[in-house]
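The values are calculated or read from the model by the stated rules, or taken from the named source; none is laboratory data. Quick caveat, the model's predicted, so the values are computed rather than measured. Cβ placement follows ideal geometry from the backbone for every residue including glycine, while neighbour counts extend to all protein chains displayed.
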Amino acid sequence: MNELIERQLKNRAKDLECGLRELLNDPQGNDLVKKLYDHGMISGLFKGKYDPQGPKRNLPSYIPARNFSIALLNIIVPDGSNSGTLDPIKKGSRRDAECPSEDRTGGDGGLRGK
């Protein structure tokens, strides 16, 4: 029953997006989070386009660890060279995202909403 309610409300998808905003220090979701959801390894997991301010109906409630890591590396080091830097993930407080701070891993290394 709880699973049906969660599926309808898409709370896990919202929690996952919120966790990504916090993890990547992108409180508005317009920079790294948008690039991540727009990447082919992630965008293939849901229908439609990612809109940081729009409804979260179609976002995935789970992102496999492999998909996440490949997509993030492609964003940070787009050409595969060693010239990349972790500068896109800005140092500083990750508490700027308006999300509750909770464990968002599924135990298998993948990211999942609560």
Report task. Would you check which residues across the stretch 19-73 are touching a residue at least 40 places away in the same chain (Cβ under 8 Å) and of a type in the set (Asp, Glu) and list them? Result -> Glu22, Asp26, Asp31
Query - Wholly within the stretch 1-50, helices (runs of 4 or more DSSP H) carrying at least 2 residues that are buried (at least 16 other Cβ atoms within 10 Å of the Cβ) - result: 11-23, 32-38, 40-43
Requested in this report: Could you look through the stretch 12-55, keep only residues that are touching a Phe, Trp or Tyr at 6+ places or on another chain (Cβ under 9 Å) and of a type in the set (A, V, I, L, M), and pick out the one that is farthest from Ala71 (Cα to Cα)?
Outcome: Ala13
Report task. Output yes when any residue across the stretch 48-68 is in contact with a helix residue (DSSP H, G or I) (Cβ under 9 Å, 6 or more places away or on another chain), at pLDDT 95 or above and of a type in the set (Ser, Thr, Tyr), and no when none is. Result -> no
Report summary line: The condition from (1) under 15 Å from Cys18 (Cβ atoms); (2) basic (Lys, Arg); (3) out of contact with any helix residue (DSSP H, G or I) (no Cβ under 8 Å at 6 or more places or on another chain); (4) at pLDDT below 75 that Arg95 misses is numbered (3)
